[in-house]
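Presented below is the structure to which this report refers.
A short reminder: the numbers here are calculations on the coordinates, not readings from a lab. No experiment lies behind these values; they were computed from the predicted model shown. For neighbour counting, all protein chains shown are included, and Cβ atoms are generated from backbone atoms with ideal geometry for every residue, glycine included.
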Amino acid sequence: MLSVRHLLGIESLPPDDILAILDLAERHVELGRRGAPAPGGLEGRSLVTMFFEPSTRTRASFELAGQRLGAHVLNMSMTSSSLKKGESLIDTALTLNAMRPDLLVVRHPASGAVNLLAQKVDCAVINAGDGRHEHPTQALLDALTIRRRKGRLQRLTVAICGDIAHSRVARSNILLLGKLDNRIRLVGPRTLIPAGIETLGVEVTDDMARGLEDADVVMMLRLQRERMDGGFIPSEREYYHRFGLDAAKLARARPDAIVMHPGPMNRGVEIDGTLADDINRSVIQEQVEMGVAVRMAVLELLARGRSRGAGGGDD
Ligand code: ASP
């Protein structure tokens with residue numbers, strides 16, 4: 001059981017809830033790897049996904065997670081729905097709410113849109129990414145990957161590199177890793193690092209060699225061109241030269257450092273393709289596997305809170 005009723009962000013999620021999700025997810029990983037039958041847990045429940053932005057892995061991952069738990073899953077195609085006809089986000093939500101789903105997974109291009117929606121509906125709402133704000137299940141799956149590879153989730157040096165300014169993944173990871181007492185370094189061009197971010201307790205540098213020094217974890221981010229409205233970088237070639245991760249830059253990190261990327265990847269822009277595929281360093285495929293397990297745990301724990309009838313916290 002979680003102390004919150006919705007999963008809107010890591011900011012409002014206490015460390016005990018984070019650990020409860022990771023522990024249950026761990027059990028799902030083991031069952032999945034053994035090829036054990038689907039564990040059930042959400043039979044008779046319904047899960048609706050609403051993606052107002054494109055998604056490949058997150059959407060598929062939530063859908064698979066719901067199905068493995070025995071839920072009825074409905075994917076609303078928001079491009080072909082009445083949104084095109086001008087219906088507002090809230091009207092769409094209220095219409096869906098009248099169908100009484102148990103769980104609603106939402107991705108939206110506007111920061112805060114998912115929080116707003118959660119105030120209007122009765123079901124448990126899960127934020128699958130809202131603008132530049134948060135992407136909580138991504139940070140949770142990253143945390144599970146790190147904990148399994150490093151054996152702990154404290155006192156690690158984590159370098160988060162690239163387009164921090166436009167990244168909800170970076171924000172959720174900074175919040176989660178910060179709550180669990182890790183050292184976080186943000187590395188990227190000054191134009192892609194939000195002013196004042198140091199107040200979140202992170203170190204900032206535009207020098208990859210310094211940023212990666214003795215790092216346990218190197219997390220690369222995609223250059224989010226679709227969110228850029230000006231010239232944030234001189235050219236992709238120049239960007240790769242200074243900030244793209246290759247074997248030479250990675251040599252500054254600890255010899256057992258792992259390489260992560262939330263996907264989708266721009267090979268040859270933020271990361272060298274060969275390094276991304278190097279199973280001795282890159283855990284990118286494992287992140288995808290952990291995504292299903294973490295989403296199963298989130299769905300199950302939020303649904304359990306609902307059956308209790310009390311509703312838990314109020315975020
Ligand atoms: N898939 C992640 C997100 O939805 C990262 C990215 O798009 O670069 O934020």
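One table, with the values for the structure above:
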{"read-out": "Total formal charge among the other residues, if their Cβ is under 15 angstrom from that of residue 168, Lys/Arg +1 and Asp/Glu -1", "value": "-1"}
{"read-out": "Added length on full extension, which subtracts the Cα-Cα distance from 0.36 nm per residue, residue 195 to residue 254", "value": "18.4 nm"}
{"read-out": "Cα long-axis angle, helix 284-308 against the chain (0 to 90 degrees, to the nearest 10)", "value": "30 degrees"}
{"read-out": "Dimensions in Å of the range 22-115 - Rg and Dmax from alpha carbons", "value": "15.1, 47"}
{"read-out": "Proxy reagent accessibility, fewest Cβ within 10 Å first, across 249, 120", "value": "120, 249"}
{"read-out": "Degrees separating the helix 57-68 axis from the principal Cα axis of the chain, which is the longest one", "value": "40 degrees"}
{"read-out": "Net dipole in debye of the chain [+1 Lys, Arg Cβ; -1 Asp, Glu Cβ; about Cα centre; nearest 20]", "value": "400 debye"}
{"read-out": "Lysine pairs with alpha-carbon atoms under 25 Å apart, the chain, spacing 8 or more or separate chains", "value": "4"}
{"read-out": "Cα long-axis angle, helix 89-98 against the chain (0 to 90 degrees, to the nearest 10)", "value": "40 degrees"}
{"read-out": "Size of the chain as Cα extents on the principal axes (Å, biggest first)", "value": "54, 45, 34"}
{"read-out": "Ranked by how many other beta carbons lie within 10 Å on average, peptides 166-172, 228-234, 282-288 from highest", "value": "166-172, 282-288, 228-234"}
{"read-out": "Local electrostatic count at residue 157 - Lys and Arg +1, Asp and Glu -1, tallied over other residues with Cβ under 10 Å", "value": "0"}
{"read-out": "Kirkwood-based shape ratio for the range 178-315, expressed as Rg/Rh from alpha carbons", "value": "1.05"}
{"read-out": "Helix-only CD estimate at 222 nm, as mean residue ellipticity for the chain, using -39500 (n - 2.57) per DSSP H run (n ≥ 4)", "value": "-11500 deg cm²/dmol"}
{"read-out": "Signed unit charges on C-beta, dipole axis of the chain, positive-most listed residue 143, 106, 41", "value": "41"}
{"read-out": "Neighbour net charge for residue 204 - beta-carbon separation under 10 angstrom, K R +1, D E -1", "value": "-1"}
{"read-out": "Alpha-carbon centroid distance for the pair the range 183-262 / the range 132-158, whole angstrom", "value": "17 Å"}
{"read-out": "Extension reserve of the residue 274-residue 98 stretch, reckoned as 0.36 nm per residue once the Cα distance is removed", "value": "58.4 nm"}
{"read-out": "Packing-based exposure ordering (other Cβ within 10 Å, fewest first) of 204, 298", "value": "204, 298"}
